[in-house]
Every structure is written in structure tokens, then in C-alpha cells.
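Each value in this text was obtained by applying a stated rule to the coordinates, not by laboratory testing. Predicted, not measured: the structure shown is a model, and the values here were computed from it. No Cβ is skipped: glycine too gets one built from the backbone with ideal geometry, and neighbour counts run over all protein chains shown.
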Amino acid sequence: MWPRASRSSRLAAAALLWTLVGLGLVAAGAWFAMKAGWKTAVPAILSGLVFGLFKWWLLLAKMARGNAFRIESGPRTAWLGAAFSPSSWGIAGFFMVTGLVLRRSALPLSIIGCVYVAAGFGLLVASFSGWRAWRRFSGRVTDP
């Protein structure tokens with residue numbers, strides 16, 4: 001069957017995935033905004049950073065803490081994909097499709113860039129909660 005991963009490994013995998021996806025979305029958003037030109041790119045990117053902080057504060061901080069708690073209180077070993085709940089995987093799929101639709105829309109590139117930067121920055125900031133949980137959990141428990 002699937003290889004098993006420790007709780008510590010699942011915490012690290014969750015934090016790493018949020019970090020990498022966040023960085024990728026910020027970079028893609030900046031690229032989209034820059035294609036629209038400097039005059040609109042700078043306000044779009046700065047707005048995206050501000051909206052990303054709101055997204056983190058209103059939604060993602062709670063999700064990241066809840067995910068870490070679910071892993072810490074869960075089974076000692078589980079499939080690595082269990083770093084996220086099935087509903088979280090569903091939400092991720094929904095946002096991937098939303099990103100595809102957004103890229104194919106007639107919206108200005110600066111707005112698309114702003115949305116991508118906001119989503120990515122929110123994920124990136126939320127990943128810090130995951131890294132803190134991993135460090136805290138790894139330091140107090142020997143977890144195979």
C-alpha cells in the first residue's frame with residue numbers, strides 16, 4: 001500500500017507544501033502583474049500583499065492551526081497525503097480550477113496578478129504556523 005509517514009513528517013510536508021505553493025503563487029502573480037506594465041503592477045502587487053494578510057488573518061491562520069492539531073492528535077503513522085484532510089484536498093482542487101478559469105478570463109492581468117499574489121501571500125504567511133507546529137512537535141516528542 002502507501003508508505004507511512006510520522007506525524008512530524010506530515011507536519012513538515014504540510015508546511016512545506018503551503019510554503020512552496022505560496023511562493024509559486026506570489027511569483028506567478030507578480031509575473032502576471034508585470035506583464036500589464038509597471039504603472040499597474042506595483043499597485044496590484046502591493047494590494048495583493050495586503051489582501052493576502054487579510055486572507056491569512058480571516059481564514060488561513062485558523063485552517064493551519066486546525067490542520068496541525070489534527071495531525072498532532074492523529075495516528076502515529078499515516079499516508080503522507082494525510083497531511084491534509086479530504087476536504088482540504090477538495091478545497092485545493094477547487095482553487096486550482098478557479099485559477100485556471102481566472103487565467104482564461106478577460107480580466108486585466110493586473111487584477112489576475114493581484115488575486116494570485118493575495119492567495120500566495122496568505123498561504124506563505126499561514127505556513128509559518130505549520131513550521132512552528134512542526135518545530136514544537138519535533139522538539140518534544142521522538143516520533144518515528
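Taking the fewest neighbouring Cβ atoms within 10 Å as the starting point, the ordered list for Trp79, Trp131 is Trp79, Trp131. Average projection, convex hull of the Cα set of segment 4-140: 8.1 square nanometres.
What order do you get for Ile111, Ile45, Ile71 when you list them from fewest to most C-beta neighbours inside 10 Å?
So the ranking, lowest neighbour count to highest, is Ile111, Ile45, Ile71.
Using only helices, what value at 222 nm comes out for the chain when you add -39,500 (n - 2.57) per DSSP H run of length 4 or more and divide by the total residues, to the nearest 500 deg cm²/dmol?
Details: 5 runs with 110 residues, N = 144.
Estimated from H runs of four or more residues: -26500 deg cm²/dmol.
Remark: the Ser87-Val50 segment gains 10.6 nm on full extension, using 0.36 nm per residue and subtracting the alpha carbon distance. Helix 38-55 axis versus longest C-alpha principal axis of the chain: approximately 30°, rounded to the nearest ten. By other beta-carbon atoms within 10 Å, ranking Val97, Val125, Val26, Val117 with the fewest at the front produces Val97, Val125, Val26, Val117.
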